[in-house]
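The values are calculated or read from the model by the stated rules, or taken from the named source; none is laboratory data. The shown structure was predicted, so the numbers you read here are calculated from the model rather than taken from an experiment. Here Cβ is always computed from backbone atoms with ideal geometry, including for glycine, and neighbour counts include all displayed protein chains. Accessible surface areas use protein heavy atoms only, side chains included; no ligands, DNA or RNA. Shrake-Rupley method; radii C 1.70, N 1.55, O 1.52, S 1.80 Å.
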There are 2 protein chains.
Amino acid sequence: MGNPNRDHEYLAKLQDYFASYRSLPSYAVIGELLGMASKSAVSALVKRLTLAGFVEMSPDKRLAPTKRFFEREIADFNVPAGLPAAANDAMSDSLSVDEFLIPRPSTSLLVRIKGDSMMDAGIFDGDIAVIEKRHAANLGDFVLAIVDNEYTLKELGRDKQGYVLLPHNRDYQPIRAEQSLEIFGVMTGLIRKYR
Amino acid sequence: MGNPNRDHEYLAKLQDYFASYRSLPSYAVIGELLGMASKSAVSALVKRLTLAGFVEMSPDKRLAPTKRFFEREIADFNVPAGLPAAANDAMSDSLSVDEFLIPRPSTSLLVRIKGDSMMDAGIFDGDIAVIEKRHAANLGDFVLAIVDNEYTLKELGRDKQGYVLLPHNRDYQPIRAEQSLEIFGVMTGLIRKYR
DNA sequence: TTGACAAGCGAACGGACGTTCACTACGCTA
DNA sequence: TAGCGTAGTGAACGTCCGTTCGCTTGTCAA
C-alpha cells in the first residue's frame, strides 16, 4: 500500500499546521490532517520523523518540532550558474531566523536606530538592532550604552583616559562619559526591511 | 498571597521555555517551572494569559502561543532618559521577527552575501539577504538577478540603453547583461549577526 | 479591623492521549 | 510468484492531562 516515502509531504503539512497554530496537534488530529485512519500509523510516522531529526520529544514527553523543523535554507550568493530549481543543490547552510537572532527572548530587545552615526558599519537610520541585555561587554562590541542619561549605540573602545564610545562615521567624535557610562546591552544582530 | 501581577514574569519564563523546546509544557510542568505547587494555579494563570492574548487553545484544544506571544517590542533609540525599567513606557512598536521578515515562507529564501559590491548600501560580506522570489521588480529595488548565467545582487536601474544593475560601491561598474538578464527575486530584508 | 479580592493549594474525577499488538495491503526483488 | 519489508488498520489498555471545587493565605481599601 502507499507510495514510497510520502513523509516529506506529511512533514510539509505539519509545518503548515504549526505555522498556523504554533503547536503540533494530537496523534488523532495528525491522522485526520494527513488522511490516516489510525493513530498507530501516526506513531510510526513520528518515529520516522524523529529519526530524520524533524521532531523530538520535549523534556516532558510532548511532541515538539526541532530547530531543523523550522530551518530555512541559505543559498550561496554566487553559485556560478544553474537553473533556479537546480539552485537547491547549491544550498550550503540553513537557519531559523528567530532562533538565529534571538536565542533568549526574555533578555533581548529590539531597538530602532535613529541617526547615521554608525553608518560606516552598515547600520543605518531605521534599521533595527537586536540587543542582548547585559552589563558586561568586550572592547570592540557594539553596545547600547546609557551615557549621561541618554541611550546611544556605539562601539565600545578604550584609550589611556578610559572607556570611549566610538561612532562609525567620520563626521562624529568619540563620546566620553561626563558623568556616567553604563552598558545597557550588547548588539547581537541587525534587521533591515525593504519595502 | 503573592505579589500583585507576577504574570509578566511568568510569561517571560514560558517564552524562554518555548524558545528552547518549541512547545508549551503540561500544566504540571508549568507549575514546576514557575514554582507553583498546584495545577489549578496554572489553570488560572492560563486563563489570564489567554485573556491578555498571549496564549490560546488550538483547534484541538491544545495550549498554544499566539502571534503576540512572539512579538518583541521595539524600543525607541534615543529615548531621552529614564531608567532601563522605565524604558517600557517608551516602547513604540513591536514585531515578530520571523513574521516581519518572512511573511510568505514558501516564496522567500535566504541568501548569504559575498563580496562588497553593495557596501555603500550597508550590505556587507556575510550578511544574509531575504529574497522574495518573483520576476517583476521596480526600478530602485535591490534585486537578485541572473545575468549571463551568474547570480548577483544589485539595484535595478535603467538608462537609454536599457536595464542596468547598479552596484553600491564606487570601485565597481554598473553591469549590463551581455546575453540575458533575469530577475530571480527582490530583496525584502537584511539580517546580520554579530557574535 | 473587617471584608473583599486575587492567587495559590491539594485532592478527586472523567476523559483524551499515545502505546502496543495482531493483522492486512501493497510493492519491491529474487 | 514467493517472500520480505514498509505503511497502514483497528481495538484494547493504562497513564497522565486539565478541570473542578472547597479551602487557605496575603494585600488593599474602607
Notebook entry, point to check: What are the residues in region B:33-53 that are in a loop (DSSP other than H, G, I, E, B), within 12 Å of DNA strand D (Cβ to nearest atom) and under 17 Å from B:Ala12 (Cα atoms), if any?
Noted result: B:Met36
Next item on the list: Return yes when B:Ala28 is under 24 Å from A:Ser26 (Cα atoms) and either away from DNA strand D (no atom under 12 Å from the Cβ) or in contact (Cβ under 8 Å) with a residue 40 or more places away in the chain (or both) and no when it is not.
Entry: no
Next item on the list: State the number of residues belonging to region B:108-153 that are in a strand (DSSP E or B) and open to solvent by 10 Å² or more (accessible area, probe 1.4 Å).
Entry: 11
Notebook entry, point to check: Scanning region A:15-32 for residues that are hydrophobic (A, V, I, L, M, F, W, C) and modelled with pLDDT of 90 or more, which turns out surrounded by the fewest Cβ atoms within 10 Å (Cβ to Cβ)?
Noted result: A:Ala28
Check: Name the residues in region B:154-195 that are in a loop (DSSP other than H, G, I, E, B) and of a type in the set (S, T, N, Q), would you?
Finding: B:Gln161, B:Asn169, B:Gln173, B:Gln179, B:Ser180
Next item on the list: Search region B:33-51 for residues that are closer than 12 Å to B:Arg6 by Cα and pair each with any residue that is more than 8 Å from DNA strand D (Cβ to nearest atom) and hydroxyl-bearing (Ser, Thr, Tyr) when their beta-carbon atoms are under 8 Å apart and the residues are at least 6 apart or on different chains.
Entry: B:Leu34/B:Tyr10; B:Leu45/B:Tyr10; B:Leu49/B:Tyr10
Next item on the list: Would you confirm whether any residue within region B:8-17 is under 27 Å from A:Val55 (Cβ atoms), free of Cβ contacts under 8 Å to residues at least 40 places away in the same chain, at the interface with chain A (Cβ under 9 Å from one of its Cβ atoms) and within 11 Å of DNA strand C (Cβ to nearest atom)?
Entry: no
Next item on the list: Might you check whether a residue that is surrounded by 15 or more Cβ atoms within 10 Å (Cβ to Cβ), assigned to a helix (DSSP H, G or I) and modelled with pLDDT under 85 occurs anywhere in region B:77-96?
Entry: yes
Item checked: Lone qualifier among B:Ile131, B:Ile123 - being of a type in the set (Val, Ile, Thr), over 22 Å from A:Leu144 (Cβ atoms) and modelled with pLDDT of 90 or more -> B:Ile123
Item checked: Residue in region A:169-188 that is most open to solvent (accessible area, probe 1.4 Å), counting only those that are more than 11 Å from every other protein chain (Cβ to nearest Cβ) and in contact with a helix residue (DSSP H, G or I) (Cβ under 8 Å, 6 or more places away or on another chain) -> A:Arg170
Margin query: For the list (1) touching a helix residue (DSSP H, G or I) at 6+ places or on another chain (Cβ under 8 Å); (2) near DNA strand C (Cβ under 8 Å from one of its atoms), I need the number of the one condition that A:Ser26 fails.
Written below: (1)
Next item on the list: For residues that are over 21 Å from A:Ala121 (Cα atoms) and open to solvent by 40 Å² or more (accessible area, probe 1.4 Å), tally how many sit in region A:154-168.
Entry: 2
